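Written out below as structure tokens is the structure these notes cover.
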Amino acid sequence: MLSPSLTALLERVSRSFYFSVRVLPEAVAAQIGLSYLLARAADTIADTDLLPASVRLDLLTELDRACAGDRAATDQLHRSLTSALSDGAVSSLPSSERTLLSVLGDCLTLLAQSSDGDRALMAKVLHQLISGMQVDLRRFPAAGSVTSADQVVTLRSLEDLDEYTYYAAGCVGEFWTEICAAHIPGLSHLAEPERLSQGVALGKALQLTNVVRDMASDLRIGRCYVPEPLLTKHGLSSERLFALTQRPPVDLTEARAMRHLTGELLALGMARCDEAWPYVLAIPTQQVRLRLACIWPLWLAVDTLALLGDVGSPLLTPDQPVKVTRQSVYSLLAGSSAVTLLGRALGSDRWLDSQFQERKVRALRSLEVRS
């Protein structure tokens, strides 16, 4: 379904997610890869702060309609993007993202040529993702041009955070589950409500990890995804967090409060990882490729949460982003592949589950607040 050039572009723009896309069963790899390219294009439009927010909102609306099959919207989107690209408004984008926007029409053509069932599922998840991006653009009007702490906008509740993680990634877990259940023999049970919920939890776990890891960079563009009640509970504010991106705390009491706050967020992320793990085990042991496609991002999230717990708070080292090393990633890929293949050979989840539990214990220990 994807041409060699689009496959190569997918590798360039999908970062670590490409590991999972590459190992997916052929029955679903193209649909998920195409959906990712379209979602990544939407994300590029949403984050291009050289264009006014109102223009980006209009472009996203046109893209949403185009994904739904509106030919007029597709033509208008092409004209709008051509104008934006020719005006040089996105000239500062990485070359891979400029290329992605230039082939967006090809991606939309492939979407239109998909089967009715696949097209409906892809259009649905893209609508959800784009809607979430539009909410963010309206919620954070100063994003990209923040010069003072009073421009930072904070989520109002834990419910807002849960909604954000659903529209940013939880809906992807839902889509992933539905399309796999539709195309891979023996996986119809994944479409049951309990498994769909676990698939959503997997996506939310990944996004919660991003929320904590990217706290400093988000604050610097006016976005505080830490809900107000959590900030108040620990005697903090979004204004103070913004200041900490410029200079880490020297007061021990404040540093301790940051660790407590981060610990709560990390514990929430670990709870989502734990909720998602039965989803992986529900995939038959014979489906090694699909299992690995789910294991890799989930275990990487657990390891990232553990590293964040070790640091205490990303705002204690705002200019040194916490990141799992490349060597550790390759070790994760190799170790998980070996134990998954062993599970298929013996028809048992014993060793796979044991490795996850060890990772979980390591992460939970790191979340203990250090005084």
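The values are calculated or read from the model by the stated rules, or taken from the named source; none is laboratory data. This is a predicted model, so every value here is computed, not measured. Note that each Cβ is placed from the backbone with ideal geometry, even for glycine, and that neighbours are counted across all protein chains shown.
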Legend entry - Among (1) in contact (Cβ under 8 Å) with a residue 40 or more places away in the chain; (2) out of contact with any His (no Cβ under 8 Å at 6 or more places or on another chain); (3) farther than 13 Å from Arg359 by Cα - the single one Asp274 does not satisfy: (3)
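Residues checked against (1) within 18 Å of Leu206 (Cβ to Cβ); (2) out of contact with any helix residue (DSSP H, G or I) (no Cβ under 9 Å at 6 or more places or on another chain); (3) at pLDDT 90 or above; (4) buried (at least 17 other Cβ atoms within 10 Å of the Cβ):
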{"position": "Gln31", "(1), (2), (3), (4)": "no, no, yes, yes"}
{"position": "Thr44", "(1), (2), (3), (4)": "no, no, yes, yes"}
{"position": "Asp49", "(1), (2), (3), (4)": "no, no, no, no"}
{"position": "Ala53", "(1), (2), (3), (4)": "no, no, no, yes"}
{"position": "Asp58", "(1), (2), (3), (4)": "no, no, yes, no"}
{"position": "Val90", "(1), (2), (3), (4)": "no, no, no, yes"}
Inset, instruction - Go through (1) modelled with pLDDT under 95; (2) surrounded by 17 or more Cβ atoms within 10 Å (Cβ to Cβ); (3) of a type in the set (A, V, I, L, M, F, W, C) and name the single condition Val369 misses. - result: (2)
Legend entry - Residue among Arg138, Arg156 that alone is over 24 Å from Leu81 (Cα atoms), surrounded by fewer than 16 Cβ atoms within 10 Å (Cβ to Cβ), basic (Lys, Arg) and touching a residue at least 60 places away in the same chain (Cβ under 8 Å): Arg156
Legend entry - In segment 347-366, residue farthest from the chain's Cα centre (by Cα) [restricted to those that are over 21 Å from Thr262 (Cβ atoms), surrounded by fewer than 13 Cβ atoms within 10 Å (Cβ to Cβ) and of a type outside the set (Ser, Thr, Tyr)]: Gly347
Inset, instruction - Considering only segment 1-105, give the helices (runs of 4 or more DSSP H) lying wholly within it that have at least 3 residues that are in contact with a Phe, Trp or Tyr (Cβ under 9 Å, 6 or more places away or on another chain). - result: 4-13, 17-23, 26-47
Legend entry - Tally, over segment 199-247, of residues that are touching a Cys at 6+ places or on another chain (Cβ under 8 Å) and free of Cβ contacts under 8 Å to residues at least 12 places away in the same chain: 1
Legend entry - Contacts under 7 angstrom Cβ, first residue in segment 182-198 being within 15 Å of Gln287 (Cα to Cα) and without any contact (Cβ under 8 Å) to a residue 24 or more places away in the chain, partner of a type in the set (A, V, I, L, M, F, W, C) and part of a helix (DSSP H, G or I), 6 or more apart: Ser188/Ala181
Inset, instruction - Might you let me know whether segment 153-175 holds any residue that is over 19 Å from Gly132 (Cα atoms) and at pLDDT 95 or above? - result: no
Inset, instruction - Go through (1) in a helix (DSSP H, G or I); (2) of a type outside the set (Val, Ile, Thr); (3) more than 23 Å from the chain's Cα centre (by Cα) and name the single condition Leu111 misses. - result: (3)
